[in-house]
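The values are calculated or read from the model by the stated rules, or taken from the named source; none is laboratory data. Since the structure is predicted, the reported quantities are computational estimates derived from the model, not experimental observations. When we count neighbours, we look across all protein chains shown, and the Cβ atoms used for this are built from the backbone with ideal geometry, even at glycine. Ligands, DNA and RNA are stripped out before the accessible areas are found, and what is left, the full protein with its side chains, is counted by its heavy atoms. Shrake-Rupley method; radii C 1.70, N 1.55, O 1.52, S 1.80 Å.
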Amino acid sequence: MAAADLPVGLFVGGLFLVYLSLGLVFGVVLKGRAGVPLSRRRPDAVSQSTGLTRLTDHAVGALNRGLKKRPAGFLNRQKLEQAGLNKEPGDYLLMAGAITLAAAVLGYVLGGLGISILSFLLAPFLLYLLLNMLIARRRRKFDSQVPDTLQMFSGGLRAGHSLLRAIDAAAQENEAPMAEELSRIVNETRIGRDLGESLEDVANRTASEDFQGIAQAIEIHREVGGDLAEVLDHVGETIRDRNQVRGQVRALSAEGRISALVLMALPILMFVGLVIFNPTYARVFTTTVIGFVMVGAAIVLMSIGGLWLSRIIKPKY
C-alpha cells in the first residue's frame, strides 16, 4: 500500500505518532538526569517541568518499580551496567517502546499491514540484540585492557604503594571500561566494602576469566602473604599467553565468521530489495495468509541456522 492510498487522517496520525516517539526518545529518555536533584543543587530554584516530562517520569518510575520486583528478568540494572549504559531499565524500556511504535507506523506507511506487524515484532528483538552486542563489545575491550592494568598493579606495588592506591592509579591511567570498573572498586572500598568482594563483583559483571584469576590471586595473598607484585607478574604472563592463543583462534575462525555473516544477511537484503524495487511481487508476502506463513517460517529457519552457525564459529579452547 502506497502512502498516496492512505486516508489523510490516518497518514497525519501516523506522522504524529512517529514525531511523538522521536520526541520521547531524544527529548526525555536520552536527555538523561542529573546525578544530584535540582532541589539539592539549587534549593531556591523553582522546578519547571512540562506535562509530558511529568508523565514520562511517572511512567519510568512505574516501570522501574515493576522491574525491581523481578530482578532476574531479561532486562535489569545489572544488564545495562554490563553494556556500559548509565540508564535505568525503565528508561530503556520506554525508549524501546517509542522506537517500536515508530517502526510499526513507518512500516505501515511504506509497506502496508504486513510490514507494520513485522516491524513491530522485529524492533524489540533487534534492540535486545543491540544490547547484547554492546555487552559483548565492552567485555572484549575490558579483556584487552587486563594485561596492561595488571602491569600497572605490580609497578605500583614495587613503587611502595598500597594495593588500593595502585588500583586507583591504574583507574586514572586507563580508559573506559577498565577505568570505570576500577574507580568503582576504589569507591566501594572507601565506603567500607571488602576489596575481595568488589574485585569478585567486577569479574562476574564483565565475565572475565583473566580478572577472575587476578581477584583470586589477591585474595590468596591476603590470606597467606608473600610478594604480591611477583605473583601478579606470573599471572600477567599466563594472561598474555592466553591472549596470544585467543588471537590465533580468532584469526583461524575469521573466514567462518564472515561466511556466517554473509549467509545471514543475504536473504534479508534480498527481501528488502524485493520490497523496494518490485512491491507488486512482494505484496504476496505482506498481504496474504500464505505469505505471512512463509515469512514466519523463514524467520524460524534463519534463527535456527544462525544459532547453529554461532556454535560452529566459536570454538572452545
- Message: Taking 0.36 nm per residue of sequence separation and subtracting the Cα-Cα distance, how much length would be gained by fully extending the chain between Ile268 and Arg137, in nm to one decimal?
- Response: 44.8 nm
- With a Förster radius of 51 Å, plug the Cβ-Cβ distance of Ile220 and Leu121 into 1/(1 + (r/R0)^6) and report the FRET value to the nearest 0.05. 0.50
- Item | the stretch 163-254, accessible area per residue, ligands and nucleic acids excluded (1.4 Å, Å²) | 53
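For the peptides 98-109, 182-193, what is the packing order when you average, over each peptide's residues, the other Cβ atoms within 10 Å and list the highest mean first?
On the way: 98-109: 20.7, 182-193: 15.2.
Output ranking for 98-109, 182-193: 98-109, 182-193.
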- What is the sum of charges around Thr238, taking Lys and Arg as +1, Asp and Glu as -1, for the other residues whose C-beta is under 13 Å from the C-beta of Thr238? -2
- Message: Sort 267-278, 133-144 by packing, meaning the average of other beta carbons within 10 Å per residue, with the highest value first.
- Response: 133-144, 267-278
- Simple spin-label estimate for Ile290 and Leu261 in nanometres, 7 Å along Cα-Cβ: 3.8
- Message: In whole percent, and with a 1.4 Å probe on the protein chains, what portion of the accessible area of the stretch 221-260 is carbon and sulfur?
- Response: 53
